[in-house]
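Asker: One structure follows; several queries about it will come next.
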Amino acid sequence: MKTTLTYFRHFLIVLLALAVPTAGIGLWLGVDIDYGDNMTAYKMAGEGPHVFQQGEQWLLQTLRGGRDEGFWIEEQRHALTDSFQFEVAFPLDNSRFVVQASPEFVTPPTRYQDDQPILAISDIEGNYKTFRDFLINAKAIDSDLNWTFGKGHLVLVGDFVDRGPSTTQVLWLIYKLEQNAKSKGGQVHYILGNHEIKNLQGNFESAHKRYFNVAAILGKKQVGLFGDDAFLGRWLMRKNTAEVINGILFVHGGLHPSLAKLSFSLDDLNRIVRAQYRQVWFPKRHAGDDDILLNTKTGPSWYRGYFEDDLTQAQVEQTLAKFGATAAVVGHTLNSRVKAIFDKKVFAIDIRHPWDYRTGFPPRSSEGLFLEGNNVWRVLDNGSRVEL
């Protein structure tokens with residue numbers, strides 16, 4: 001018995017000796033452990049509305065009921081040219097917000113110059129509470145979700161869909177803030193990331209599985225949630241891939257250095273990529289110059305070269321200069337915190353945001369970027385700023 005206990009004790013010591021450095025290496029590499037799913041994430045009652053054109057009307061569909069009593073769809077109809085109002089519910093904390101929808105889908109400009117402050121955040125990935133709370137703490141909106149950022153620019157640098165179960169709420173909040181900011185002289189810029197493009201192309205491999213069921217209850221395939229007859233689909237189809245705001249380029253992935261030698265303007269870049277939002281890219285035998293913008297490794301919504309390629313400072317600066325920018329802000333590639341690289345010519349802002357319905361270890365906290373004049377700060381979860 002004594003021998004058995006001795007062996008067992010030695011086994012535990014060896015196990016601990018292996019576990020501690022393994023855990024340390026995992027944390028250093030950015031690995032975290034998610035646990036404790038809140039099953040409210042799978043609640044269907046109140047999901048929506050999902051808005052579709054049906055003939056000469058907009059059809060608003062909100063899911064009601066549940067598995068036990070059965071599902072049904074609450075519907076409203078409005079003329080195609082009319083503005084209309086609706087509520088969006090968030091089941092985790094039983095909160096709601098009102099959206100005033102105006103069915104005008106306009107492609108925004110690609111350049112802005114007004115010297116107003118900029119707040120940027122990326123890769124929210126379907127986590128509404130995280131997004132909402134960050135904006136409140138950063139004083140871009142108040143607790144009633146009203147715009148409080150004056151004439152400032154809120155820049156959303158892609159991947160606000162997929163993974164999390166609150167994509168519907170995230171998208172309608174962005175839409176609401178666009179309207180609200182514009183009425184107060186401000187601006188919301190929604191730069192599409194590779195996951196928005198994936199959704200427009202019908203690729204939902206990273207989407208939360210609740211949306212497969214949402215589409216089924218609505219009598220649609222999942223791609224229909226962002227199809228040509230969907231309000232949100234049409235809205236997303238008009239968004240840009242890259243914009244320059246006060247001399248700073250905002251793009252989800254980055255700019256491949258070969259673009260410095262090609263004749264594309266910023267308007268060309270957006271026009272070419274936007275025209276292919278619904279077309280899945282594949283290698284072609286005789287690909288032209290456009291292919292560099294559409295390729296899922298080199299395209300502006302997909303490129304990871306700032307972090308994975310052996311780029312020189314000169315290459316980064318030449319590509320920025322080609323598009324009339326002094327620096328770039330990118331998401332897409334995960335970092336432990338918001339940081340500056342390439343002598344402050346690139347700012348990386350994709351970090352591990354908290355999940356709405358899940359906890360994990362180590363705890364996650366949001367960060368964003370604040371720019372004003374020549375000054376740049378990390379914006380922390382509580383709204384405080386740390387100069388970069």
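The values are calculated or read from the model by the stated rules, or taken from the named source; none is laboratory data. Remember, it's a predicted structure, so these values are computed and weren't measured experimentally. Virtual Cβ from ideal backbone geometry, glycine too; neighbours counted across all protein chains shown.
Asker: Which residues, counting only those in region 293-308, are within 19 Å of the chain's Cα centre (by Cα) and among the small types (Gly, Ala, Ser)?
Answerer: GLY299, SER301
Asker: Looking at region 308-321, is at least one residue among the charged types (D, E, K, R), touching a Ser or Thr at 6+ places or on another chain (Cβ under 9 Å) and assigned to a loop (DSSP other than H, G, I, E, B)?
Answerer: no
Asker: Just give me the residues in region 135-159 being among the β-branched types (Val, Ile, Thr), surrounded by fewer than 24 Cβ atoms within 10 Å (Cβ to Cβ) and outside any loop (DSSP other than H, G, I, E, B), in sequence order.
Answerer: Step one: list which residues in region 135-159 are among the β-branched types (Val, Ile, Thr), which gives 136, 141, 148, 155, 157.
Next, only the ones that are surrounded by fewer than 24 Cβ atoms within 10 Å (Cβ to Cβ) stay: 136, 141, 148.
Passing the criteria: ILE136, ILE141.
Asker: If you take the residues in region 335-352 that are free of Cβ contacts under 8 Å to residues at least 60 places away in the same chain and of a type in the set (D, E, K, R), which one is nearest to SER143 (Cα to Cα)?
Answerer: ARG337
Asker: Does region 257-269 include one or more residues that are closer than 26 Å to GLU205 by Cβ, assigned by TED's automatic domain parsing to the domain that holds LYS176 and either in contact (Cβ under 8 Å) with a residue 12 or more places away in the chain or of a type in the set (Asp, Glu) (or both)? Walk me through how you get there before you give the answer.
Answerer: Looking only at region 257-269, we keep the residues that are closer than 26 Å to GLU205 by Cβ, and these are none.
So far as region 257-269 goes, no, none of its residues is closer than 26 Å to GLU205 by Cβ, assigned by TED's automatic domain parsing to the domain that holds LYS176 and either in contact (Cβ under 8 Å) with a residue 12 or more places away in the chain or of a type in the set (Asp, Glu) (or both).
Asker: Search region 373-388 for residues being in a loop (DSSP other than H, G, I, E, B) and touching a residue at least 12 places away in the same chain (Cβ under 8 Å), and hand back the single one that is surrounded by the fewest Cβ atoms within 10 Å (Cβ to Cβ). Outline the logic, then answer.
Answerer: Of region 373-388, the ones in a loop (DSSP other than H, G, I, E, B) are 373-374, 381-384, 388.
Now drop any that are not touching a residue at least 12 places away in the same chain (Cβ under 8 Å), which leaves 373, 381-383, 388.
Working: GLY373: 8, ASP381: 17, ASN382: 11, GLY383: 15, LEU388: 15.
Looking at the filtered set, the residue picked out is GLY373.
Asker: Select from region 334-368 the residues that are out of contact with any Pro (no Cβ under 6 Å at 6 or more places or on another chain), of a type in the set (D, E, K, R) and within 13 Å of THR130 (Cβ to Cβ) and write down the one among them that is surrounded by the fewest Cβ atoms within 10 Å (Cβ to Cβ).
Answerer: Selected residue: ARG358.
Asker: So, in region 83-97, exactly how many residues are surrounded by 12 or more Cβ atoms within 10 Å (Cβ to Cβ) and touching a residue at least 12 places away in the same chain (Cβ under 8 Å)?
Answerer: 10
Asker: Right, here's the next one. Can you confirm whether region 207-230 contains a residue that is hydrophobic (A, V, I, L, M, F, W, C) and closer than 20 Å to GLY331 by Cα?
Answerer: In the first step, residues of region 207-230 are kept if they are hydrophobic (A, V, I, L, M, F, W, C); the result is 207, 212, 214-218, 223, 225-226, 230.
After this cut, where a residue has to be closer than 20 Å to GLY331 by Cα as well, the list is 207.
Checking region 207-230: at least one residue is hydrophobic (A, V, I, L, M, F, W, C) and closer than 20 Å to GLY331 by Cα.
Asker: Next question, about the same structure. Could you grab me the full set of residues in region 332-352 that are part of a strand (DSSP E or B) and over 21 Å from LEU192 (Cβ atoms)? Give the derivation first.
Answerer: So in region 332-352, the residues part of a strand (DSSP E or B) come out as 339-341, 346-348.
Within region 332-352, LYS339, ALA340, ILE341 meet the criteria.
Asker: Here is a follow-up. Report, ordered by the first and then the second residue, all pairs with beta carbons closer than 8 Å, sequence separation of six or more or different chains, a first member in region 353-372 that is over 15 Å from PRO165 (Cβ atoms) and assigned to a strand (DSSP E or B), and a second member that is modelled with pLDDT of 95 or more and of a type in the set (Lys, Arg).
Answerer: From residues that are over 15 Å from PRO165 (Cβ atoms) and assigned to a strand (DSSP E or B), the pairs are GLU367/ARG337; GLU367/ARG378; GLY368/ARG378; LEU369/ARG378; PHE370/ARG378; PHE370/ARG385.
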